[in-house]
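For reference, the structure discussed in these notes is given below.
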Amino acid sequence: AIFAFRSSNSFFDRLPFWIAGAGIVAAVIGFFAVGTKDGAGQKELMMALHKGTIVSSVLVIAFSAVIVNWVFQDREYYGWKVFSCICIGLFAGVMIGQVTEYFTS
């Protein structure tokens, strides 16, 4: 199935790098979304961290949709399959982080 993506267009080869770059940008924006008041308790601190994770995740999904739509202009069917894999991987990664946080806190 992966050979269906191959063509003379090198954008397919660069897709992981574009997605990774978008993830870095989303992480930086998510970093600035984290904030609490002075003297905040642990519950407020954890909620601020969750807010940063949510903001970053939503931005990764949005950026990925735009990038996949751009790269797979003539093959939308395959593009949305790739996009769904990105979403599943992002969800799995966030869930692994949340479960790890729960059991180690």
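Cβ-Cβ distances below 6 Å connect the following pairs, each with a first residue in the range 94-105 that is under 15 Å from Lys51 (Cα atoms), a second residue that is in a helix (DSSP H, G or I), and a separation of six or more residues or different chains: Val94/Ser57.
Residues in the range 50-61 that are of a type in the set (A, V, I, L, M, F, W, C) and open to solvent by 50 Å² or more (accessible area, probe 1.4 Å): Ile54, Val58, Ile61. Do the conditions hold for Gly79, that is, is it in a helix (DSSP H, G or I) and modelled with pLDDT under 95? Yes, satisfied.
For the range 13-66, a residue qualifies if it is polar (S, T, N, Q) and either under 24 Å from Val82 (Cα atoms) or in a helix (DSSP H, G or I) (or both), and the qualifying residues are Gln42, Thr53, Ser56, Ser57, Ser64. Residues that are open to solvent by 40 Å² or more (accessible area, probe 1.4 Å) and assigned to a helix (DSSP H, G or I) within the range 95-105 comprise Met95, Ile96, Gln98, Val99, Thr100, Glu101, Tyr102, Phe103, Thr104, listed in sequence order.
The values are calculated or read from the model by the stated rules, or taken from the named source; none is laboratory data. Just so we're clear, the structure is a prediction, and the values are computed from it rather than from any experiment. No Cβ is skipped: glycine too gets one built from the backbone with ideal geometry, and neighbour counts run over all protein chains shown. Each accessible area value is taken on the protein alone, full model and side chains, heavy atoms only, with ligands, DNA and RNA left out. Shrake-Rupley method; radii C 1.70, N 1.55, O 1.52, S 1.80 Å.
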